[in-house]
């Protein structure tokens, strides 16, 4: 595919905005649901809004190299703020909207942020709180004025006010904006995004315009994205994935992004927009599937029967039809009937009617969940990447989807597996460096441009990459067998009843695990059995629930027993934690990944109990409520023993 | 807390109100005033006459004695339609929503008194009637945004949890754009988080729209936190009135709540 000269000349995001305003000025660029209606801005209108804000920020003293943070739910105004900052040479530092003040303070102080654009009162309150530890923070701009009327702080300004100043400034300096945009270079740092901190304190990854634009363009060409795509932008704006999709690819291809009304309305908004291009972490696909299954269980018997029959058919032939493989004509005919009766209506209810391409990444997706969507005719593909690679390293290729692999490298990217088993990559998306952290940059990026991912994996005969676990987490059992905790945890989490799992086994005789039940799924299961419970902790310790999980663990063991290298790591004892692992308590990252070291230390007594032979263990822990208050909860947990499944060779 | 709007003049004056149902005296010679922009709480033990008082204010009950002065006009009793058109809206102790209707439709009913076009126009749903409908819908959407209930806009209210139903009911009352809002136990039966949310919304309503609020509440923490003044009723009589702190220290009030040997 050839790229028009005008597009390739635009080597920064602000230039792309102006370019889009010229070429497709009347086409929709942003939508936001507000007051129950989808409000829309064209590329021309968006460019004008960005110009007004950029000039306003310049008038207020934002200079080349200054940092500006954006914080809030996905809102067009925040996306504009990022590009407006870039237009005048500033560097946006988006932060997670649900991070507590202390976390946010750490990031803003480290980045030396001078300006902040916040969505609403909630975020402004946090910024005011951390202003003391961020001496460089000078100005807070807010989008929604509700509740802020009696805030007298002189450093608060409304978004409209700043844009008003910008319009006046632009009248006085008519050439300023175009000139400052033209100054931007592709090699400059476009933004700093802080990693979620799976491995301790988060690091500021600096990505250049070239990183974002080339990666976005390569991936868009690979999967044939154009200006007609529809996308829902609902994932945290601070996360590199949203930056690549909602800023990178949207600007490169010129397609429209839609921002949901609120976090609670995402699924309804998804259905209204009917995106053609969709990204979600496995968890969301899992949640959608769980909600479907719960509703099917409550449906009438004929509907349940019809659903079962056609889903069995889809499981058998659906994925093959999607991949264009040969399928018997009779099955094809039945599948077409199923399309009319079940698959089509179901996709419509989920908002997937128009999806041409759906990506998932971040964690391994359960093979059952993956197959469910593919057999329905949703072209869901896994991709593998990181903040350091501007997302795209590998993508599953059309027609050759293997559920357990993450696919082949995208154009321009090379991968190799180091002798230690660690996956490394090189390509146009490789990050500039970590902000103010030379040491970490050297440890991650080799002089010739290879990046260590920290993931252990291998490349199979078809050239497809498989990821096993974090390289540093892969341990050894006392017996000498390998212990890959995440691999085991993922197998456990693939059951709808298990929300989180933590496996232990390094330097031990056998493997044990902590489990978190999924309150929605187990709660529904309990209700259907007429089981009374008072809350999470109570439900989690009910003997029948433990039996249910016992069953899941046995199935995982049977699965592990069939893989000779992992037969030793069958789970022999487990317990169900009395509270859900939570990012507010530091147990998960904001993207809901397990912070293993922290959890191991916090629950050390429980881990010891698992290896002590006792059948109960008391625990008291501190919890943080959503409003920031702290409390303590205590509980006595029951420990269950599970027999090992004999491996085939032993049985024989 | 600092206030955006200063508490103003008297807007509602209840004088010597007595109400009896047969031999049961619900209210006996109760007088108090409500000032513009304030939050006034009416408290008292069960059966003290709190809900009866709200019902007298919006014309549900007709007192045998006394007078009501609202916006400068004195009358023996309020008529319900008059109360509604003059800017008094209320919520009920036992939620009184249309269970089968959606959140949005329920809130729309709150604008009933403001709809000018007659039934025929509305049935035609064309021209001025359509324009009017759009305006009312926009007003309702602002309330939905204000109360953060976007996610349940289309949900039938009968299926919503109790706390949310209470919020929808507040939304319907707000849809009438009241100057005086009567809330009958807005936080009854709620958990702590729901109570905190509701407190915030009540304060926000008062702040944002300057609405005068009279509320009945049992939760003393709530009353002390959000009200400017408190009126205490016991067996139909007013036994105290004043700031939350003054009322809390009042011996008569303590006796009424804890009980004394007669």
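The values are calculated or read from the model by the stated rules, or taken from the named source; none is laboratory data. Keep in mind it's a predicted model, so treat the numbers as computed, not measured. No Cβ is skipped: glycine too gets one built from the backbone with ideal geometry, and neighbour counts run over all protein chains shown.
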Which listed residue is buried (at least 24 other Cβ atoms within 10 Å of the Cβ) and either not in a strand (DSSP E or B) or not assigned by TED's automatic domain parsing to the domain that holds residue A:137 (or both), from A:53, A:78, A:62: A:53
Residue hits (the stretch A:449-479; in a loop (DSSP other than H, G, I, E, B) and either touching a residue at least 12 places away in the same chain (Cβ under 8 Å) or crowded, with 21+ Cβ neighbours inside 10 Å (or both)) are A:449, A:450, A:460, A:462, A:463, A:464, A:474, A:477, A:478, A:479
Single residue of the stretch B:205-223 satisfying the filter (at pLDDT below 90, in contact with a helix residue (DSSP H, G or I) (Cβ under 9 Å, 6 or more places away or on another chain) and within 14 Å of chain A (Cβ to nearest Cβ)) that is nearest to residue B:87 (Cα to Cα): B:209
Filtering the stretch B:161-174 down to residues that are without any contact (Cβ under 8 Å) to a residue 40 or more places away in the chain and either part of a helix (DSSP H, G or I) or closer than 17 Å to residue B:88 by Cα (or both), which residue is nearest to the chain's Cα centre (by Cα)? B:167
Flagged in the stretch B:168-202 as closer than 21 Å to residue B:50 by Cα and within 14 Å of chain A (Cβ to nearest Cβ), in numbering order, are B:195, B:199, B:202
Strands (runs of 3 or more DSSP E) within the stretch A:87-181 that include 2 or more residues assigned by TED's automatic domain parsing to the domain that holds residue A:74, modelled with pLDDT of 95 or more and over 30 Å from residue B:209 (Cβ atoms): A:113-118
Since residue A:311 meets every condition but one in (1) outside any helix (DSSP H, G or I); (2) in contact (Cβ under 8 Å) with a residue 12 or more places away in the chain; (3) farther than 22 Å from residue A:405 by Cα, which condition does it not meet? (1)
Okay, strands (runs of 3 or more DSSP E) sitting entirely in the stretch B:62-157 with 2 or more residues that are touching a residue at least 24 places away in the same chain (Cβ under 8 Å) and away from chain A (no Cβ under 14 Å), I get B:65-70, B:88-91
Which one of these is closer than 28 Å to residue A:369 by Cα, in a strand (DSSP E or B) and in the same structural domain as residue A:289 (by TED's automatic domain parsing): A:391, A:423? A:423
Quick check on residue B:229: is it out of contact with any helix residue (DSSP H, G or I) (no Cβ under 7 Å at 6 or more places or on another chain) and within 23 Å of residue B:57 (Cα to Cα)? yes
Tally the residues that are in a helix (DSSP H, G or I) and either without any contact (Cβ under 8 Å) to a residue 12 or more places away in the chain or more than 14 Å from every other protein chain (Cβ to nearest Cβ) (or both), restricting the search to the stretch A:245-290. 21
Whichever residue in the stretch A:192-225 is in contact with a helix residue (DSSP H, G or I) (Cβ under 6 Å, 6 or more places away or on another chain) and part of a loop (DSSP other than H, G, I, E, B) and, among such residues, is modelled with the highest pLDDT: A:225
Return the residue satisfying two criteria in turn: it lies in the stretch A:353-382 and is assigned to a loop (DSSP other than H, G, I, E, B) and touching a strand residue (DSSP E or B) at 6+ places or on another chain (Cβ under 9 Å), and of such residues it is farthest from residue A:469 (Cα to Cα). A:354
